[in-house]
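Quick note: the coordinates plus some simple rules give every number you see, no bench work behind them. All figures in this text were calculated on a predicted structure; none of them were measured in a lab. When we count neighbours, we look across all protein chains shown, and the Cβ atoms used for this are built from the backbone with ideal geometry, even at glycine.
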Amino acid sequence: MSVTIAELAKCLGAKIVGPDGSLRTEVSAVQPVEVAGGGDVTFVTDARHETAVGKSAAAAVIVAKAVDGLKIPQLVVEDVGVALIEALTLFAPKLRPAVCGVDPSARLGVNVHLAEGVSIEPLAVIEDGVQIGPHTVIGSGCRIGQNTRIGAHCRLDGNVVVYHNCSLGNHVIIQANSTIGASGFGYAFINGAHKLIPHNGGVVIEDFVEIGANTCVDRAKFGNTIIGAGTKIDNLVQIAHNVVIGKCCLIAAQVGVAGSCRLGDGVVLAGQVGLADNIEIGAGTMVGAQAGVMGSVGPGEKLAWSPALNVKEAARVVAYILRLPKLAQELKRLTAKVEKLEAPKDDKG
């Protein structure tokens, strides 16, 4: 989709600063400063971009504050991040919308209830007793287990599996190949062998949760594994049995949350963070990439390193580690000096 710069400014509620002779120029994409061309709009979010935008070939730039000396129209907005989302949405590829109804190749069990506007795409399997709310899309190859409930305006992309007795709220998005409600990893060693402990609980995913591709959320042994409203989970994440995640958390790729952990509201886990089982992470805590959290943490903490430390302490540890090669050389020099000083005494002996 293409719009003129003037039309884009109107859509974003932006004030136009700078030359107006090119406001009829059409733009069809948002691109970073370094690669934007004559048919693109770019954006400035920090001083580095502000310096580079002067050399950009973009047709226009979205800014929070006008930049002096630019020769292209500036679309001044209150929040560049919000405007960027709106612009990207405007220029998103216009894909064929899901078709309401049940594809002939899909299979439905007994006592399945489909609300108005539901779309069941090819080769999906909906088992007995499932309830699906209005305008929800179940993608190709999905499998929804017995007695599971899915709310309104949800989207499950291709090959998502939701096991039995799970509950999804409204406006939930689950991307391709993710699995919700598989049995948790809990075993007892009995008579010389590991025996799986039955996991009879379920999974509850609240409203406006988004889950990336190839992510797994295991069912509980008893009760429910719970993902709080507004939480966003990236690709390749493992959420174990009986975990409770608060509202509006952000969990990045390759995070592993072990069994029975509890995360407060607004927790942020960066990529490859690992949490030991049965610990609590307080509300608003942020954990840096690859950190290993071995014990419970209070609210509002900022952690890094493995095992996880307060970020200031972790920075000191890293600084010491980076000095180790130099310290090793100094130790080697001092050792040689001591040996040289002690050598005459040894000769007299």
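Stretched out straight at 0.36 nm per residue, the stretch from Asn191 to Ser28 would grow longer than its current Cα-Cα span by 52.0 nm. The chymotrypsin sites (Phe, Trp or Tyr not before Pro) found in region 180-251 that occupy coil by DSSP, while having at most 16 further C-beta atoms within 10 Å, are Phe185, Phe222.
Karplus couplings for region 157-166 from phi (6.51 cos²θ - 1.76 cosθ + 1.60, θ = phi - 60°), rounded to Hz, Gly and Pro as x? The phi angles translate into 6, x, 6, 5, 10, 10, 6, 5, 6, 9 Hz. A Förster radius of 51 Å, combined with the Cβ-Cβ distance separating Lys15 from Lys302, puts the computed FRET efficiency at roughly 0.90. Label 7 Å along Cα→Cβ of Lys55; region 21-39 residues with amide nitrogen under 17 Å? The answer is 32-38, whose backbone nitrogens lie closer than 17 Å to the label point. Distance between the pseudo-spin-label points of Gln238 and Leu90 (7 Å out from Cα toward the beta carbon): 4.4 nm. For region 47-149, applying the loop criterion from DSSP together with a ceiling of 12 other beta carbons within 10 Å to the GluC sites (Glu not before Pro) yields Glu78, Glu116. Compute the FRET efficiency between Leu123 and Asp277 as 1/(1 + (r/R0)^6), taking r as their Cβ-Cβ distance and R0 = 30 Å, and round to the nearest 0.05. Efficiency for this residue pair is about 0.20. Size descriptors for region 103-244 (Cα atoms only): Rg and Dmax, in that order, 15.0, 53 Å.
Most tightly packed first, judged by the mean number of other beta-carbon atoms within 10 Å of their residues, the peptides 107-114, 197-204, 155-162 read 155-162, 197-204, 107-114. Go through (i) 20.4, 72; (ii) 27.8, 101; (iii) 21.9, 67 and flag the label whose value is the computed Rg and Dmax of the Cα atoms in Å for this structure. Recomputing Rg and Dmax of the Cα atoms in Å here picks out (ii). The length gained by stretching the chain between Met1 and His113 to full extension, at 0.36 nm per residue less their Cα-Cα distance, is 36.6 nm. Under 19 Å Cα-Cα from Lys55, which lysines qualify once same-chain neighbours fewer than 8 residues away are excluded? Candidates past the 8-residue exclusion: Lys65, Lys71. For the chain, what relative contact order do you get, as a whole percent, if you take Cα pairs closer than 8 Å and at least 6 residues apart? RCO, the chain: 6 percent. For Phe222 and Arg48, the difference between the fully extended length at 0.36 nm per residue and the C-alpha to C-alpha distance is 57.5 nm.
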